[in-house]
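Shown next, in structure tokens, is the structure this report addresses.
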Ligand SMILES: C[S@@+](CC[C@H](N)C(=O)[O-])C[C@H]1O[C@@H](n2cnc3c(N)ncnc32)[C@H](O)[C@@H]1O
């Protein structure tokens, strides 16, 4: 029998209480419940002992999660893994760090969404007293989770991006705001003659350097510490930025693109990898990520026309937009 479509009221109730689920997932991640269950079903009592929690309350958390297919309760009252619970194991590329990050700093900032809507300013700064990337540079544990969350959240985009976009002809690729280096690693592994430069803030570059060396790329990839608001490193014939431009206001993006414009050679390519907002009512994750950008760093997702105007103002021409099977596209520009 076909499932009955929820009524508007039921749909709304599900959405209004959406944070109950996201906080329950966050607590499951924080207690590393998936890691504790992955080798075999466990009772709430056993899990409570390992996590120093109250057994009855932990049982209620697990029962609620099992009702949405995150863990499943067997006849002996033990909880076992499900495909969604598997995604919460703390490992490279999983959703563990995403659940950790979203349920903490993000959740607290979203609690002040009204402030952002009233002022147009990031609620994060209002709650934490400083901009998100400044705060992260002073909080290494959270910064490590942020890096891992970027890989978990945007990870599938990397393969899709390198399959869809042809990097042939690029000798040196500068990954501006390259984060932990996973994107550059994937591009350099596919394009074996290419050299790379990863440019990011000092603390981030230290973490990236180790990852690039572990991937066997130390001889082909340089890391440079600095701020894209101060300068862009010369030496590239393509400048890539994935999920950088959406973090910032139009004025800040103009500064970043301006620094790249100063060092990019005439034949160079500008590669911005972002979601491109489509008009009107169609559902698109980008429309929600856009709100996240408002609340956290104070940036925005943009339409094709907005990218074209931003490029033109900074001395670039938007050449083409190459879609990928994921939400992101490669927005290619060239200096004019
Ligand atoms: C959303 S992450 C994207 C990371 C990476 N490009 C990816 O796609 O996974 C934004 C990155 O911008 C970096 N960043 C923020 N402010 C910066 C600045 N002023 N100069 C250079 N990098 C900066 C952060 O450290 C972080 O690695």
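Filter the stretch 304-318 down to the residues that are in a strand (DSSP E or B) and free of Cβ contacts under 8 Å to residues at least 40 places away in the same chain and list them by number.
Looking only at the stretch 304-318, we keep the residues that are in a strand (DSSP E or B), and these are 316-318.
Of everything in the stretch 304-318, those that are in a strand (DSSP E or B) and free of Cβ contacts under 8 Å to residues at least 40 places away in the same chain turn out to be 317, 318.
Which of the numbered conditions does residue 24 fail, given that it passes all the others? Conditions: (1) buried (at least 16 other Cβ atoms within 10 Å of the Cβ); (2) not in a helix (DSSP H, G or I).
The single condition residue 24 does not satisfy is (2).
Go through the stretch 110-130 residue by residue and tally those that are within 16 Å of the ligand (Cβ to nearest atom) and surrounded by fewer than 16 Cβ atoms within 10 Å (Cβ to Cβ).
The number of residues fulfilling the criteria is 1.
Would you confirm whether or not the stretch 311-326 contains a residue that is surrounded by 20 or more Cβ atoms within 10 Å (Cβ to Cβ) and within 21 Å of the chain's Cα centre (by Cα)?
no
Within the bounds of the stretch 245-252, is there any residue that is under 27 Å from residue 190 (Cα atoms) and assigned by TED's automatic domain parsing to the domain that holds residue 180? Can you show your working first?
Pass one, the stretch 245-252, residues under 27 Å from residue 190 (Cα atoms): 245-246.
Imposing the further condition that a residue be assigned by TED's automatic domain parsing to the domain that holds residue 180 reduces the set to 245-246.
There is at least one residue in the stretch 245-252 that is under 27 Å from residue 190 (Cα atoms) and assigned by TED's automatic domain parsing to the domain that holds residue 180.
Return only the number of the condition from (1) more than 9 Å from the ligand (Cβ to nearest atom); (2) buried (at least 17 other Cβ atoms within 10 Å of the Cβ); (3) modelled with pLDDT under 95 that residue 212 does not satisfy.
All conditions are met except number (3).
Which of the residues that make up the stretch 153-202 are more than 9 Å from the ligand (Cβ to nearest atom), touching a residue at least 12 places away in the same chain (Cβ under 8 Å) and closer than 17 Å to residue 328 by Cα?
156, 159, 160, 161, 162, 163, 164, 165, 167, 186, 187 - these are the residues of the stretch 153-202 that are more than 9 Å from the ligand (Cβ to nearest atom), touching a residue at least 12 places away in the same chain (Cβ under 8 Å) and closer than 17 Å to residue 328 by Cα.
Considering only the stretch 162-181, how many residues are within 15 Å of the chain's Cα centre (by Cα) and either buried (at least 24 other Cβ atoms within 10 Å of the Cβ) or not assigned by TED's automatic domain parsing to the domain that holds residue 237 (or both)? Reasoning before the result, please.
Here is the first cut: in the stretch 162-181, the residues within 15 Å of the chain's Cα centre (by Cα) are 177-181.
Filter once more, keeping what is either buried (at least 24 other Cβ atoms within 10 Å of the Cβ) or not assigned by TED's automatic domain parsing to the domain that holds residue 237 (or both): 178-179, 181.
Final tally of qualifying residues: 3.
Out of the stretch 260-275, which residues are more than 16 Å from the ligand (Cβ to nearest atom) and in contact with a helix residue (DSSP H, G or I) (Cβ under 9 Å, 6 or more places away or on another chain)? Explain how you work it out, then say what you get.
Applying the first criterion (more than 16 Å from the ligand (Cβ to nearest atom)) to the stretch 260-275 yields 261, 264-269.
Passing the criteria: only 268.
Identify all residues within the stretch 239-252 that are in a helix (DSSP H, G or I) and more than 12 Å from the ligand (Cβ to nearest atom); write none if there are none. Before the answer, list the steps.
Filtering the stretch 239-252 for residues in a helix (DSSP H, G or I) gives 245-247, 250-252.
Correct list: 250, 251.
In this structure, is residue 62 without any contact (Cβ under 8 Å) to a residue 12 or more places away in the chain, under 28 Å from the mean Cα position of the chain (by Cα) and either crowded, with 18+ Cβ neighbours inside 10 Å or assigned to a helix (DSSP H, G or I) (or both)? So that I can check it myself, show each step before the final result.
Numbers: without any contact (Cβ under 8 Å) to a residue 12 or more places away in the chain: no; under 28 Å from the mean Cα position of the chain (by Cα): yes; either crowded, with 18+ Cβ neighbours inside 10 Å or assigned to a helix (DSSP H, G or I) (or both): yes.
No: the conditions fail for residue 62.
Going by the conditions given, is residue 236 more than 12 Å from the ligand (Cβ to nearest atom), surrounded by 15 or more Cβ atoms within 10 Å (Cβ to Cβ), part of a loop (DSSP other than H, G, I, E, B) and in contact (Cβ under 8 Å) with a residue 12 or more places away in the chain? Let's see the steps before the verdict.
On the way: more than 12 Å from the ligand (Cβ to nearest atom): yes; surrounded by 15 or more Cβ atoms within 10 Å (Cβ to Cβ): yes; part of a loop (DSSP other than H, G, I, E, B): yes; in contact (Cβ under 8 Å) with a residue 12 or more places away in the chain: yes.
Yes.
The values are calculated or read from the model by the stated rules, or taken from the named source; none is laboratory data. A quick note: this is a predicted structure, and the numbers were derived from the prediction, not measured. Because the Cβ atoms are built from the backbone with ideal geometry, glycine has one as well, and the counts that use them run over all protein chains shown.
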